[in-house]
């Protein structure tokens, strides 16, 4: 049984360690002057030095533990205040979202529960009604606990049953699905699929999603993460950055307007229902919403120069354009059945919606390459080198299977030791990757749960 160490126990142990260190210093002091300065240390002196270093390390560890326990006690004492502040921040963030939508001429969403509660809190605050307590929370409006069920930590920490008090349950530890570190139950974010995230990994995921649209919307095991629970856990700057990107990513690709000034490139909103001219709020560049170039008075619109460059490159490289979102895609393995990030399924040869054309479904060489990749990922390089004939037989057997069933509708991930390169994001992991038992794809942990 693991007993919790309290403050008195820490002070007692620190006192014992300090006295022991003083004893060693007294012994060393009594021996000074008896030996030459360049003489070698005796075994006794080396033992004293090692023991003194161990004692100092233990004292440092106790000081860190004392600080951690005091911080933990402060968090417990101020939990009500922190919950109220988190709730208020959520309402303010929802107001910011509404203001951005209004400024860009978009339809306003219905007011959220947090906005309604924050408005009530402002009314109470204006009338002089505040909540005070022994924890000095004057001026902080503490919402009713029943109205906090779908906001903050209580909404994403499910009850798992079992014996013991609520305090015992919140002190249990769970493993973060990304980094694998054990984290206190009360300090984790629980996804709808019941995977747990430590705060650092959740923040890193949100930061990555602002740079990589394939990670948006936030999801785990293909289930969306509830933003009402995620946003209060983020730093203020990151919340605003994520919200700005959410507005951008929610706009169809064909309607997005970006500043044509290459040193700016700010997102300026949607072209749907906009006036013919837009002024960039960052660099004051004037943009035509029709052709998305700089304004051209008395001239007809021309196709965006950057779009023409991309189209020319795509034509040279043999890339295809998604019929759904018009994004340029490249086939680098497998059959001609493409699934775009916008979920549109189409034929890579003619860009028609999947199974609406008469094009062949695969190229023999690409199918052979994909079969070889799958066998290699499943059995490893050593097996291929040790039994090359068996490896070739497996490749052709897998190739025949792919002609009948080449789609992986749902990944089944398992750990693959040995490290390697993630086939989705290109990151190199030295220890292990995740391998799908169906399509044998190799992916890092983040891609396996947050991207694929």
Determine whether residue 423 is within 28 Å of the chain's Cα centre (by Cα), assigned to a loop (DSSP other than H, G, I, E, B) and within 29 Å of residue 179 (Cβ to Cβ).
yes
For the range 358-379, indicate whether the set of residues that are under 24 Å from residue 216 (Cα atoms) and in contact (Cβ under 8 Å) with a residue 24 or more places away in the chain is non-empty.
no
Filter the range 179-194 down to the residues that are buried (at least 17 other Cβ atoms within 10 Å of the Cβ) and assigned to a loop (DSSP other than H, G, I, E, B) and list them by number.
191
Got a sec? Which of 316, 345 is under 24 Å from residue 422 (Cα atoms), free of Cβ contacts under 8 Å to residues at least 60 places away in the same chain and either out of contact with any helix residue (DSSP H, G or I) (no Cβ under 7 Å at 6 or more places or on another chain) or surrounded by fewer than 16 Cβ atoms within 10 Å (Cβ to Cβ) (or both)?
345
Enumerate the strands (runs of 3 or more DSSP E) found wholly within the range 239-340, keeping only those where 2 or more residues are within 26 Å of residue 425 (Cβ to Cβ) and touching a strand residue (DSSP E or B) at 6+ places or on another chain (Cβ under 9 Å).
256-258, 337-339
With 389, 385, 400 as the choices, which residue is without any contact (Cβ under 8 Å) to a residue 24 or more places away in the chain, within 22 Å of residue 336 (Cα to Cα) and surrounded by fewer than 18 Cβ atoms within 10 Å (Cβ to Cβ)?
400
Counted residues in the range 348-361 being surrounded by 15 or more Cβ atoms within 10 Å (Cβ to Cβ) and closer than 16 Å to residue 405 by Cα come to 2
Please specify each residue of the range 426-452 satisfying the condition of being within 19 Å of the chain's Cα centre (by Cα) and not in a strand (DSSP E or B).
426, 427, 444, 445, 446, 447, 448, 449, 450, 451, 452
Condition first: surrounded by fewer than 11 Cβ atoms within 10 Å (Cβ to Cβ), under 51 Å from the mean Cα position of the chain (by Cα), part of a helix (DSSP H, G or I) and modelled with pLDDT under 75. Now tell me which residues in the range 1-47 satisfy that.
8
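The values are calculated or read from the model by the stated rules, or taken from the named source; none is laboratory data. Since we're looking at a predicted model, the values are computed, not measured. Neighbour counts are summed over all protein chains in view; Cβ atoms, including those assigned to glycine, are modelled from backbone coordinates with ideal geometry.
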